[in-house]
Amino acid sequence: MKSFLSILLLAGTAVALYAKEDMQLLDFGNSENIKHLIAVDARLELSANKLAIHTAHKQDWPGVTVRCPEKAWDCTGYQRIRAEVRNVSLVPL
């Protein structure tokens, strides 16, 4: 049973977990994939198969948008998308 879709930003690849087959959405280990990320008031770094997002304070909502590299992702049968995110700064969010 496909139960949810998970984007593992810290692990370097986006995969679907608990599914019949894993679905890789975006491989953060491939530096070419940074072209599929749109940063707003943020600096992006791909390193060690991880995506680091360094935000500033010039915009009300800084962050990043992940664009689909193909025409669309077929997420039929998946119930949700989850992202594992960790704040590595000393400043709480």
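Quick one: compute the contact order of region 28-93, relative version, from alpha carbon pairs under 8 angstrom and 6+ residues apart, as a percent.
27
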For region 25-32, in residue order, the Karplus 3J(HN,Hα) values (coefficients 6.51, -1.76, 1.60; θ = phi - 60°; whole Hz; Gly and Pro = x) are 7, 7, 9, 6, x, 9, 5, 5
Probe 1.4 Å - accessible area at GLU84, Å² to nearest ten: 90
Counting sequence-distant residues (5 or more places) and residues on other chains, those with an amide H built under 5 Å from that of ILE81 are LEU5
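The values are calculated or read from the model by the stated rules, or taken from the named source; none is laboratory data. Every value quoted in this text rests on a predicted model; they were computed, and no experiment measured them. Heavy atoms of the whole protein, side chains included, go into the accessibility calculation; ligands, DNA and RNA do not. Shrake-Rupley method; radii C 1.70, N 1.55, O 1.52, S 1.80 Å.
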